[in-house]
Amino acid sequence: MKIAIGGDHVGQILKPEIIEYIEGLGHEIKDFGPFTTERTHYPIYAKQVAEAVASGEYDKGILICGTGVGISIAANKVKGIRAVCCSEPYSARLSREHNDTNILAFGSRVVGLELAKMIVEEWLIASYEGGRHGTRIEMIAEIENHNDLDGESQKLNC
Ligand code: RB5
C-alpha cells in the first residue's frame, strides 16, 4: 500500500518510529512533514496528506498531532476524506469496516508508541465491508456535495 503520513511538532515525537513500523509491515510511505519538533501548524500537513489521498496518489493517510483531534478535523475538510481520530484499535478497525476511513489520526500526547502501533496495524489490515454501510457513506458524500452548492437552497435526501 502507498501511505502518506504527516503531523505537527507534537506528532513528530512519534512519527519517525511509526514510519519505521509501517515500512516494516511492507508498505511504501511518504513523509509530508514536519521534519523537526519546531512549533508549526497542523492544518498545513493535514491538507497536504488529505489531498494526496483524495487525489488517489496514495491509498491511505496517517496524521499525528498532540491529540489527533485538530489534524483530523482539518483533513475532513478535504472532499472525499473520511478521517478517524482514535486512540484504541477497536474503533480503528470498525472505522475501516463500516466507515471506509481513508485517514487515521491519533495523538502523541494520548497514546504511547506500542498502542499507536496496534492502532495502525489494526486499521491497515481491516477491510471495508460495503453493503448496508455503503448507503451511509453515500449519505455522507451527499452532505459534502450539497455543501459545494453555494447559496442554493439545499435539501438532503437523508
Ligand atoms: C499543538 O499544541 C496541539 O494543539 C496539536 O498538536 C493538537 O493536539 C491539536 O489538536
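For the structure I just gave you, tell me whether Tyr58 is assigned to a loop (DSSP other than H, G, I, E, B), open to solvent by 10 Å² or more (accessible area, probe 1.4 Å) and modelled with pLDDT of 95 or more. It is true that Tyr58 is assigned to a loop (DSSP other than H, G, I, E, B), open to solvent by 10 Å² or more (accessible area, probe 1.4 Å) and modelled with pLDDT of 95 or more. Among the numbered conditions (1) open to solvent by 70 Å² or more (accessible area, probe 1.4 Å); (2) within 16 Å of Asn102 (Cα to Cα); (3) more than 11 Å from the ligand (Cβ to nearest atom), the only one that Phe35 does not meet is (2). Going by the conditions given, is Lys30 open to solvent by 10 Å² or more (accessible area, probe 1.4 Å) and either in contact with a Ser or Thr (Cβ under 7 Å, 6 or more places away or on another chain) or closer than 20 Å to Glu122 by Cβ (or both)? The answer is no for Lys30. Candidates Ala50, Ala4: the one that is in a helix (DSSP H, G or I), open to solvent by less than 60 Å² (accessible area, probe 1.4 Å) and either at negative phi or out of contact with any Lys or Arg (no Cβ under 7 Å at 6 or more places or on another chain) (or both) is Ala50.
Going by the conditions given, is Glu97 closer than 23 Å to Tyr21 by Cβ and of a type in the set (D, E, K, R)? Yes.
Taken over the range 7-27, the criterion of being in a loop (DSSP other than H, G, I, E, B) and open to solvent by less than 60 Å² (accessible area, probe 1.4 Å) is satisfied by Asp8, His9, Val10, Leu14, His27. Is it the case that Arg109 is open to solvent by 20 Å² or more (accessible area, probe 1.4 Å), over 28 Å from Glu129 (Cα atoms) and in contact (Cβ under 8 Å) with a residue 24 or more places away in the chain? Taking the combined requirement at face value, the residue satisfies it.
Entry remark, the range 103-151: residues being touching a Phe, Trp or Tyr at 6+ places or on another chain (Cβ under 9 Å) and not in a helix (DSSP H, G or I) number 1 in total. Residue count for the range 51-107 satisfying the condition of being away from the ligand (no atom under 16 Å from the Cβ), within 16 Å of Gly33 (Cβ to Cβ) and among the hydrophobic types (A, V, I, L, M, F, W, C): 2.
The values are calculated or read from the model by the stated rules, or taken from the named source; none is laboratory data. Since we're looking at a predicted model, the values are computed, not measured. Positions of Cβ are generated from backbone atoms using ideal geometry, with glycine treated the same way; all protein chains shown enter the neighbour counts. Quick note on the areas: whole protein, heavy atoms, side chains included, nothing else; ligands and nucleic acids left out. Shrake-Rupley method; radii C 1.70, N 1.55, O 1.52, S 1.80 Å.
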